[in-house]
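Nothing in this text is a laboratory measurement; each read-out follows from the coordinates by a stated rule. No experiment lies behind these values; they were computed from the predicted model shown. Positions of Cβ are generated from backbone atoms using ideal geometry, with glycine treated the same way; all protein chains shown enter the neighbour counts.
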Amino acid sequence: MATEKFETSLKKLEEIVRRLESGSLSLEDSLKAFEEGVKHSSFCAKKLDEAERRVEVLLKRKDGTFAREPFEPEEG
Amino acid sequence: MATEKFETSLKKLEEIVRRLESGSLSLEDSLKAFEEGVKHSSFCAKKLDEAERRVEVLLKRKDGTFAREPFEPEEG
Amino acid sequence: MATEKFETSLKKLEEIVRRLESGSLSLEDSLKAFEEGVKHSSFCAKKLDEAERRVEVLLKRKDGTFAREPFEPEEG
Amino acid sequence: MATEKFETSLKKLEEIVRRLESGSLSLEDSLKAFEEGVKHSSFCAKKLDEAERRVEVLLKRKDGTFAREPFEPEEG
Amino acid sequence: MATEKFETSLKKLEEIVRRLESGSLSLEDSLKAFEEGVKHSSFCAKKLDEAERRVEVLLKRKDGTFAREPFEPEEG
Amino acid sequence: MATEKFETSLKKLEEIVRRLESGSLSLEDSLKAFEEGVKHSSFCAKKLDEAERRVEVLLKRKDGTFAREPFEPEEG
Amino acid sequence: MDIFAEKTILTVSRLTALLRGVLEENFEQVWVQGEVSNLSLPSSGHLYFTLKDTGAQLRCVMFKGAVKNLKFRPADGMALIARGRISVYDQRGEYQLICEYLEPAGVGALQMAFMQLKERLAKEGLFDEGHKQPLPTFPRRIGVITSATGAAIHDILNVLKRRFASLEILLYPVRVQGEGAAPEIGRAIDDMNRLGLVDVLIVGRGGGSLEDLWAFNEEVVARAVYRSKLPVISAVGHETDWTICDFVADLRAPTPSAAAELVVASSLELRGQLDALSHHLRMALESRLAALNARVDALRRSLHDPSTMLGHLAQRVDDLSERLEMALENTTLHRRERFERLRSVLLFHSPDRQTERFQQQLAMLSHQLERQLRDKIQQEKHAFGSVAARLEVLSPLRTLSRGYAIAAASDGTVVTTVAQLTEGDRLKLQLFHGTAICRVEELENRNA
C-alpha cells in the first residue's frame, strides 16, 4: 500500500525470505511468499530510489537554486 | 516564518543531524529530517551571507564613505 | 539628532562594545549592535575630527591674530 | 567689559584650566572653555604688555629724564 | 605742590614700597603705586641733589671766599 | 651784629651741631641749620684768626690816664 | 724795807702801791704763754682776756694802741705768747699783764694772720664757688698784674712764645712785695676793670718766703679780686704755696707759667673745639644726607618690584596658557584614544568572526546532514540488497524453470492429488513462464 513504509516492507521481505529459506513451504506457498517478497522487494527498491533521487534534488537545490528560493523553515 | 531566527534554525539543524546520527529514524523520517535540515542549512547560509554582506557594507562605509554621510545616532 | 553629544555617543559605543565582547548576542543582535556601533563610531570620529580641526584653528589663532583683536572678557 | 580686571581674568583663566584639566568637561564644553580661556589669556597678556610698557616708560624716566621735569607730588 | 616737603614725599615713598612689597595690590594698583613711587623717588632724589649742591656751595665759600665776607650771625 | 660775641656764636654752633646730630630736623631745616652753622663757624674762625701775639705794658701817666706801649722784657 | 721786822701797819693802798712797785720793777718785760679765755673787746678798743694753764690764770689787758698793730685777732681758746709787763690794778687788788705784743703759740703771727683772714673772708663768702666766674672761652687779651721785672712776666711770655699762642698781653706793672705792694695790686685790679681792655687777669708773682708773698695775703688784694668783673687767675709763688688771693681768684694757677698755660690751652682748645664743631657740623649734615640718599636709593631699588611682579605674572599667564593648550589637546587626545580603542574593539568584535564561525559550523552540519542521510540510504540499500538477493535465490520459479508447473483449482487451491480432481475441471497451470488454463481430461491413478 501507499502507506506502507519502507521499513515495514523490508521487514516483511525478510520474514518471507526466512520462511522461504526454512523450506517448509509448499511450492504453492513458496510461490505466494515469493510473489509477495518480490512485491516488497520492489517496493523497497522503489523507496530507496526515490530517496536517492530526492537527496540529489535537495542537494542540488541547496548548492545553487535553492538559495534563491524563498524559504521559511517551519517551527519544529 | 520570517520571524525564524538564525540561531534557532542552526539549533534545529544540529538537532536534525543528531537525530539522523542516532539512526533511529525511518528512511522516510530521515528523508523528511534531511529535507528540513537542508532548509535550515540554506536559511542559515542565507542569513550568514546577508550578515556578511551587511558587515562588508558597514566596514566599507566606515573606512571612507560613511564619514561623509550625515549621521545622527538615535537616542538609545 | 544634531543635539547628540559626543560623550553620549561614545558611551553608547562603549556599551555596544561591552555587549559585543560578552559574546552573548545573537547574530541578528550582533549585527544590529555592530551597525549601531559603527554609526556611533563614525559619529564620534566626525565629532573628534571637527573638534581637532577646531582645536587646531584655535591654537593657530592664539599664536597670532587673536592678540590684536579687541577683547573684553565678560563678567562670569 | 573694559572694567574687567587683570586679576579677575587671571582667576577665570585658572578656573578654566583647572576645569579643563579635570577632564570632567564634555568635548563641546572643553572647546568652549578653551576658547574662553584663550580670550582670558590674551586679555591678561595684553594687560601685562601694557603694564610692562608703562613700567618701562616710568623706569626710563626714573633713570634720567624724569628728574628734570617739574614734579610736585600731590598730597595723599 | 611746591610746598611738598622732602620728608612727606619720603614717607609716601616708604608707604608705597611697603604696600608694593606686601604683594596685596592688584596689577593696576601696583602700577599706580609704582608710578607714584617713581615720582616721589625722583622728587626726593632731586631734593637731595639740591641739598648736596647747596652744601657744596656753602662749603666752598667757607673754605675761601666766605671767611672774608662780613658776617653777623643773628641772635637766635 | 658786630657785637656778637665769639662765645655766643660758638655756643650757637654747638647747639646747631647738636640739633643736626639728633637727626630730628627735616631736610630743609637741616640745610638751614647747616647754613647757619657754617656762618657761625666762619665767624668764630675769623675771630680766632684776628688775634695777634702782642705784648704791651700799661703805663700810668701823671694825670691818672693810661698809655700802652710795647713791652720788651729784660732778659733774665 | 723789811716789812716783816716790825709791826708796821700799812694801809691797803700803801701796800698795794708797794706790791705794784715790786712787781713792776721785777716783771718789766716778761714772755708768758697760756690759753686765752674770757676775751672781750669793748668799745673802748682795749682788749681784755685771761691767760691760763692747768694750774693758774693771769689777767691780761692790751691797750688800744697795741691792738691796732695786731696782724691777727686773738680768740678764746687760742694759745698765745704774750709779751708785756706785770702791773697791779689797784682798785681790784689784782695784778695783770699789760700786753704789748701777742703772737699765736706754735705758728708765726703771719700764719695766724693768714689763717684768720682766710677764715674771715671765707665766712664772708669771698671764696664761694658760686661767685667764681668762668674763664672766657676765648681770651684775646690778657691782663697781667705783676712786676715788670719779676720772674712771673718772664715765665708767662716764655710759655706764650713756646706755644705759638696768638694772644695779646697787657702788663700792668706793680710792686709785688714790701710795704704798699698790696694796695698797689688792689688798685691795679680795679684799674684793669675800669679800663676794660682785657678779657682776663693774671695776678701774681714768682715764689718767695711767706713774707715775700705777703702782699697777696692782704685783705685789700682779696677784696679787689673779689670785686673784679674780669675773671682773675691767681698765680703766686710755687705750687705748694696758697695765698688768700688764690682762694678768692676765679682760678688758681700754681705758678705764673701754669696760668699762661691755662690761658693758652683754652685758646688752643678753642681752636680745636671750633674745628671739631665745624667738622661735626659738616659730618652731621653729610651723614644725614648720605643716610637719606641711602634710604631713597634703597627705596628706589625696592621700586623695581613691578617688573619682577610682571615677569611672574607673565610666567603664570604663559604657564596657564600652556596648560590650557595641553588640557585641550589632552581632552581631544584622551577622547581620541578612548574612541580608537573602542573602535578597534568594535572592529575586533565585528560579526565577521561570528559569521565565519557559523559558516564553519553550518558547513559541518550540512555535510553531516548529507552524509548521515546518504549513509542511511546506503545502509538500507545494503540491508535490502542482501534480502533481495536471498529472495532471488529462494525463488520457486527456479523449480518451474526445470519444467515443473503448479496446478491450481479454479478456486485457487493447489492441486497436489487427483483425488481433488474431477474430470472436466479447469486447472490453472503455472509454468516458469506464464500460466496455462487446462481442462482435466482424464484421471489416473486415483488411489496412488
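Structure summary
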item	result
Copies compared at A:Glu15 - label distances in nm, ascending, label defined 7 Å from Cα in the Cβ direction	3.4, 6.8, 10.1, 13.4, 16.6
Order by protection proxy (mean Cβ within 10 Å, highest first), peptides G:429-441, G:26-38	G:26-38, G:429-441
G:Asp190 paired with G:Arg120, simple spin-label distance in nm, labels 7 Å along Cα-to-beta-carbon	1.8
Three-way shape call for the stretch G:347-448 based on the alpha-carbon gyration tensor, with the a/c threshold at 1.5	prolate
In the stretch G:342-435, the GluC sites (Glu not before Pro) that fall in loop regions by DSSP, at most 15 other Cβ within 10 Å	G:Glu423
Spin-label model distance (nm) - G:Glu340 vs F:Arg61, 7 Å beyond Cα toward Cβ	13.2
The stretch G:91-101 - phi-based ³J(HN,Hα) in whole Hz, Karplus 6.51/-1.76/1.60, Gly and Pro as x	4, 9, x, 10, 9, 8, 9, 8, 7, 9, 8
DSSP bridge orientation in the protein assembly as shown - percent antiparallel, rounded to nearest 5	60
Sequence-separation-based contact order of the stretch G:350-448, relative, with Cα cut under 8 Å and 6+ spacing, percent	19
Other-copy label distances relative to A:Ser42, 7 angstrom Cα-Cβ extension, nm	3.4, 6.7, 10.4, 13.7, 17.0
Ratio Rg/Rh [Cα only; Rh per Kirkwood] for the stretch G:395-448	0.99
Separation between Cα centres of the stretch G:10-66 and the stretch G:188-211, rounded to whole Å	45
Over chain G, relative contact order from alpha-carbon pairs under 8 Å, at least 6 apart, %	8
Separation of alpha-carbon centers, the stretch D:1-41 and the stretch G:349-419, rounded to whole Å	90
By average C-beta atoms within 10 angstrom, highest first, the peptides G:328-338, E:8-18, G:403-413	E:8-18, G:328-338, G:403-413
Under 23 Å from the Cα of G:Lys7 - lysines, other chains or at least 8 residues apart	none
Sorted peptide list for G:297-303, D:37-43, criterion being average Cβ within 10 angstrom, highest first	D:37-43, G:297-303
Above-threshold pairs, the threshold being 25 Å between Cα atoms, out of B:Lys11/B:Lys47; D:Lys47/E:Lys5; D:Lys12/E:Lys39; E:Lys39/E:Lys60	D:Lys47/E:Lys5; D:Lys12/E:Lys39; E:Lys39/E:Lys60
Estimated vicinal HN-Hα couplings, Hz - the stretch G:270-284 in sequence order (Karplus 6.51, -1.76, 1.60; Gly, Pro = x)	5, 4, x, 4, 5, 4, 4, 4, 4, 4, 4, 4, 5, 4, 4
Label 7 Å beyond Cα on the Cβ vector: A:Lys60 copy-to-copy distances, nm	3.4, 6.8, 10.5, 13.7, 18.8
Under-5 Å amide H pairs with F:Lys60, H placed in peptide plane, nonlocal only	F:Ala67
Qualifying GluC sites (Glu not before Pro) for the stretch G:93-187 [loop in DSSP, other Cβ within 10 Å: at most 10]	G:Glu179
Nearest residue to the symmetry axis between B and E, taken on chain B by its Cβ, in whole Å	B:Glu21, 151
Net charge dipole size for the protein assembly as shown [Lys, Arg +1 and Asp, Glu -1 on Cβ; Debye, nearest 20]	620
Placed amide H near G:Ile145: partners under 5 Å, 5+ positions off or other chain	G:Tyr172, G:Ile202, G:Val203, G:Gly204
For the stretch G:427-439, Karplus couplings with θ = phi - 60° (6.51, -1.76, 1.60), whole Hz, Gly/Pro x	10, 10, 9, 9, 9, 4, 10, x, 10, 10, 8, 10, 10
Helix-only CD estimate at 222 nm, as mean residue ellipticity for the protein assembly as shown, using -39500 (n - 2.57) per DSSP H run (n ≥ 4)	-21000 deg cm²/dmol
The protein assembly as shown, Cα convex hull volume normalised per residue, Å³	449
Crossing angle, helix G:109-124 versus chain G [Cα axis fit, 0-90 degrees, rounded to tens]	50
Rounded to 5, percent antiparallel among DSSP beta bridges of chain G	60
Reachable lysines, given that their alpha-carbon falls under 21 Å from the alpha-carbon of G:Lys118 and they are not under 8 places away in the same chain	G:Lys68, G:Lys71, G:Lys132
Length-normalised contact order of chain F in % [C-alpha pairs under 8 Å, at least 6 apart]	24
Amide H within-cut-off set for F:Arg54, under 5 Å, with H built and near neighbours excluded	G:Leu167, G:Glu168, G:Ile169
Peptide G:135-147 - average C-beta neighbours from other chains (10 Å radius)	3
Cα-based shape type of chain G, given that a ≥ b ≥ c are square roots of the gyration tensor eigenvalues and the cut on a/c is 1.5	prolate
Inter-chain Cβ neighbour average for residues B:52-58, partner chain, 10 Å	6
Average other protein chain Cβ within 10 Å of Cβ, residues G:397-408	2
